[in-house]
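Right, one structure below, let's go through it.
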Amino acid sequence: MNFADFISKLSHRLANYPLPGHEEIVKKMSPNRMRLKGEPNESTRRSGVLLLFYPKGEVIYLPLILRPQYDGVHGGQMAFPGGRAELKDKNIQATALREAQEEIGIKASDVKIIGNLTELYINPSNLLCQPVMGYINYKPDFYPDEREVEDILEVPLSDFINPDTVQNRFVEARGYKFETPGFIIQEQIVWGATAMMIAELIEIMKDIK
């Protein structure tokens, strides 16, 4: 499937059918969430992340970022570019675009929005996160913000779809070490909320072959 066909079919899928949601995905990709039982509250803030599709030759890619090690709850983790909403943002999609431009240096005005995945509450950081899907018709140049991005991984979409990339590994977060499923991408584990977003995308991909 070429890039234009993929974008057309993905757009049609999102416009005409409901999202898979997280009920089954939690059991498969983030079983530890079932024990947290957190819910949004009056201090919860909204955030947006961008799943950016782009072509590189005949291959469809998405960028992931590796966050630097820091004392916060997401230090050293793999993620999609994104961050917290600000008052100046027109909507949550604008948040995702602004944050992606700041973090990885893409030209936000060139990104065309396809649609959203299911909103996801991230209990450790008390964020209600909206995954936004968009695309650029060319291979962008990346300019990582050194304060927020240690590395940018360009990942073929096929790597996510390959079932062999899903493995159990031990991770450490907030001083606790535990085993969790995740996607092993370029020797990094993508787990937690980001893995759930990818898993929902994979479910959608099953409908557009």
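The values are calculated or read from the model by the stated rules, or taken from the named source; none is laboratory data. These numbers come from a predicted model, not from an experiment. Every residue, glycine as well, gets a Cβ built from its backbone with ideal geometry; the counts of neighbours run over all protein chains shown. All accessible areas refer to the heavy atoms of the entire protein, side chains included, with ligands and DNA or RNA removed. Shrake-Rupley method; radii C 1.70, N 1.55, O 1.52, S 1.80 Å.
Odds and ends about this structure:
- Coil-residue chymotrypsin sites (Phe, Trp or Tyr not before Pro) of the range 116-209, DSSP, other Cβ within 10 Å capped at 12: Y138
- Residues whose placed amide H lies under 5 Å from that of K56, excluding near-sequence neighbours: Y61
- Given charges at Cβ of Lys, Arg, Asp, Glu: the range 39-187 dipole, positive-most of G76, A108, I152: A108
- Rounded accessible area per residue of the chain, 1.4 Å, Å²: 53
- With the simple model of a label 7 Å out from the Cα in the direction of the Cβ, M1 to D110 spans 2.4 nm.
- Take the Cα of N91, step 7 Å toward its Cβ, do the same at K28, and the gap between the two points is 2.9 nm.
- For the chain, calculated [θ]222 nm from helices alone, where every DSSP H run of n ≥ 4 adds -39500 (n - 2.57): -8000 deg cm²/dmol
- Per residue, the convex hull spanned by the Cα atoms of the range 149-209 measures out at 100 cubic angstrom.
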